[in-house]
């Protein structure tokens, strides 16, 4: 039992943090909002050079061969920077999904993902929209009969759906399901899609941690400078307590996300429950962060010009992604109240009580 | 990262479970804040200590088993799983004990720790005074050096377990000219010292869980000083860190409450709304989050880390979770929610009201949650004072 990250993942996190602080400034984020499909191919390429896009891709296919416990550290940094890139869709969901599908499809696309030469989007019945469909070169999509299809971008009919967070790109996607596009069906397709959902939700939860942390940091920086009644407003207890509340939520969400990552990486039988717990905890922390950071800023936070809304919008959009809170709460409720998940002292980790 | 138990923890768990199954009293003991219950709890602690389970992380020479913090968590899980009695000497074993381990002389360790482990000596805490609550540095009770003794004059209040304890630990002003955090000294006081008067105070639940303690020229040997003269504040902070942080409220306590809450919901499911079901599930998730965070902290401590201001985050989290769980239990009980345990219609559910009343003290004791939020904001987030 050791609930700590090893040195390599932590060093990697630091590298990505420094990289994004330089390459993904608020100005760069805003510029990308205006770009075609809201994405920057240059930034994607650079992310690949750092090793982020192929983090979960095996080394044999040009990737880094890390697992989800490292991925969540990097996605936390993506959230901290409000990174407008298809990282969750492609690096967190599509890459391992392609690996599980295997065969020629994996051989073709995994090296391209690792090299930053391809974006792959994944659809799931949990949402009517597909993340990053517009910029995708390949789409992995469920059909109405529950099969899974690999659809080239020019075979998909993509209708962008402008949404509250300009950094999250979603679209409605239609396609003609043909035997030639089908990569899995029946129980196997179901298993693949369930795993994809858990990976997307885990990635969103991890990003929400970084978003929340950044919202606190922005509010602390602002209220330490801004003076009213002759004092920094951050010295008033009403403001302190509001931000301390966010910190409490964040610090009790982080280990939940880490544990979910471990459960995904190790195929725990409780994977789905752990992921839903992580998604709920991190979404709540980020939502409270958005609300309280805005309040701590006052009117200036309510402007388009102030950067605060980059993270506020991301906090909200991550809650929408890969199953909203009612969906995840429903999964946990069924596990605890109906499916007899062991609860009580000593049941947190397998092999305990 | 490795989230599986090793051979060592598994063996430890099996051993603890077997002993607890064979020894935990079948019927619950009376509350330790009653005279009868205090006796019964002391007897239980004696038995626990004879089995070597009173304070597992302590070195064997002081009555422990030299367990690491991870094994301590495992022991706590088994202890709550077995529904074993509450710990009457928690102020001693969980708070003062670790402080003596850090600041005590070899003589003090040998003198105090074994009798603490056996609960032959039960400890009360003496922090607050009538005019020093959240503002603990405002204490005025003096301990003036006179040869080999300190002569104590003044008053402590809200001394938990004061009514049935043998000893009290606390902070006293040894330099009467000093102000605030300076000039304070941590002293251990036998409550049978002439000049010490204990007046029990009935709490919200009607029991005498705490007391006022009056000092009128009480003479206490200098050998009872913990740490240096004038160093009291930092010694006290070490105790407070343990109280808010790790030891006092192990996650198993809240996991047990959450599991009992789920069971209560099941028994009353027909009357429960979806909103109540969701709230119960959220409470269970809260207890799990607290457990995960504690395992993370223990991993960090085992690797050489220290507990700092983040202990304040813990205290806010568990105390507010505890209230939420009990409010929810009372709401599930509906009309029976106001019944005392002895009410004929209570039918075994009256304990929820009792523990609800106790839960309400959580955000107050060990430093109010408002003070904890100040600490989080200033010392963790770096907001201006």
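The values are calculated or read from the model by the stated rules, or taken from the named source; none is laboratory data. Treat the numbers as computed from the prediction; the structure is a model and nothing was measured. Cβ atoms come from the backbone with ideal geometry, glycine included; neighbour counts cover every protein chain shown.
Only a single criterion out of (1) surrounded by fewer than 24 Cβ atoms within 10 Å (Cβ to Cβ); (2) farther than 22 Å from residue B:290 by Cα; (3) within 18 Å of the chain's Cα centre (by Cα) is not satisfied by residue A:271, namely (2). Somewhere in the range B:167-180, is a residue under 20 Å from residue B:209 (Cα atoms), touching a helix residue (DSSP H, G or I) at 6+ places or on another chain (Cβ under 6 Å) and without any contact (Cβ under 8 Å) to a residue 40 or more places away in the chain? No, every residue in the range B:167-180 fails to be under 20 Å from residue B:209 (Cα atoms), touching a helix residue (DSSP H, G or I) at 6+ places or on another chain (Cβ under 6 Å) and without any contact (Cβ under 8 Å) to a residue 40 or more places away in the chain.
Buried (at least 19 other Cβ atoms within 10 Å of the Cβ), at pLDDT 95 or above and facing chain A (nearest Cβ under 9 Å): which single residue out of B:292, B:328 fits that description? After ruling out the rest, the residue left standing is B:292.
Residue by residue, here is whether (1) in contact (Cβ under 8 Å) with a residue 60 or more places away in the chain; (2) farther than 27 Å from residue B:91 by Cβ; (3) in contact with a helix residue (DSSP H, G or I) (Cβ under 7 Å, 6 or more places away or on another chain) holds:
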residue: B:200; (1), (2), (3): no, no, yes
residue: B:205; (1), (2), (3): yes, no, yes
residue: B:217; (1), (2), (3): yes, no, no
residue: B:220; (1), (2), (3): yes, no, no
residue: B:225; (1), (2), (3): yes, no, no
residue: B:232; (1), (2), (3): yes, no, no
residue: B:273; (1), (2), (3): no, yes, no
residue: B:276; (1), (2), (3): no, yes, yes
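Contact annotation: residue pairs with Cβ atoms under 7 Å, 6 or more positions apart or on different chains, pairing a residue in the range A:47-69 that is free of Cβ contacts under 8 Å to residues at least 24 places away in the same chain with a partner that is not in a loop (DSSP other than H, G, I, E, B), are A:65/A:59. Exactly one residue among A:350, A:288 is part of a loop (DSSP other than H, G, I, E, B), within 14 Å of chain B (Cβ to nearest Cβ) and either closer than 23 Å to residue B:261 by Cα or in contact (Cβ under 8 Å) with a residue 40 or more places away in the chain (or both), and that residue is A:350. Evaluate the range A:201-223: report whether one residue or more is facing chain B (nearest Cβ under 10 Å), touching a residue at least 24 places away in the same chain (Cβ under 8 Å), crowded, with 24+ Cβ neighbours inside 10 Å and touching a strand residue (DSSP E or B) at 6+ places or on another chain (Cβ under 8 Å). Taking every residue of the range A:201-223 in turn, at least one turns out to be facing chain B (nearest Cβ under 10 Å), touching a residue at least 24 places away in the same chain (Cβ under 8 Å), crowded, with 24+ Cβ neighbours inside 10 Å and touching a strand residue (DSSP E or B) at 6+ places or on another chain (Cβ under 8 Å). If you go through the range B:143-150 one residue at a time, do you hit one that is more than 14 Å from chain A (Cβ to nearest Cβ) and modelled with pLDDT under 95? No, that holds for no residue.
Scanning the range A:142-183 for residues being touching a residue at least 40 places away in the same chain (Cβ under 8 Å) and farther than 27 Å from residue A:309 by Cβ gives a total of 8.
Summed over the range B:362-385, residues that are crowded, with 22+ Cβ neighbours inside 10 Å, within 12 Å of another protein chain (Cβ to nearest Cβ) and assigned to a loop (DSSP other than H, G, I, E, B) total 1.
Of the residues making up the range B:305-327, those that are outside any helix (DSSP H, G or I) and within 18 Å of residue B:262 (Cα to Cα) number 0. Just one of the listed residues (B:299, B:273) is in contact with a strand residue (DSSP E or B) (Cβ under 9 Å, 6 or more places away or on another chain), farther than 16 Å from residue A:248 by Cβ and either surrounded by fewer than 22 Cβ atoms within 10 Å (Cβ to Cβ) or facing chain A (nearest Cβ under 8 Å) (or both), and it is B:299. I'd like the full set of residues that are free of Cβ contacts under 8 Å to residues at least 40 places away in the same chain, part of a helix (DSSP H, G or I) and within 8 Å of another protein chain (Cβ to nearest Cβ), limited to the range B:1-21. B:10, the sole residue that qualifies. A single member of A:256, A:336, A:332 is more than 30 Å from residue A:223 (Cβ to Cβ) and either buried (at least 24 other Cβ atoms within 10 Å of the Cβ) or away from chain B (no Cβ under 13 Å) (or both), and it is A:332. Given the criteria at pLDDT 95 or above, more than 10 Å from chain B (Cβ to nearest Cβ) and either assigned to a helix (DSSP H, G or I) or under 20 Å from residue B:368 (Cα atoms) (or both), does residue A:244 qualify? The answer is no for residue A:244.
Give the residues of the range A:303-329 that are within 12 Å of residue A:273 (Cα to Cα), more than 9 Å from chain B (Cβ to nearest Cβ) and surrounded by fewer than 22 Cβ atoms within 10 Å (Cβ to Cβ), sorted by residue number. Scanning the range A:303-329 gives a single hit, A:327. Could you tell me whether the range B:302-323 includes any residue that is modelled with pLDDT under 95, surrounded by fewer than 24 Cβ atoms within 10 Å (Cβ to Cβ), more than 10 Å from chain A (Cβ to nearest Cβ) and over 21 Å from residue B:74 (Cα atoms)? Yes, the range B:302-323 has at least one match. Against the condition in contact with a strand residue (DSSP E or B) (Cβ under 8 Å, 6 or more places away or on another chain), without any contact (Cβ under 8 Å) to a residue 40 or more places away in the chain and in a helix (DSSP H, G or I), how does residue A:263 come out, does it pass? In short, no.
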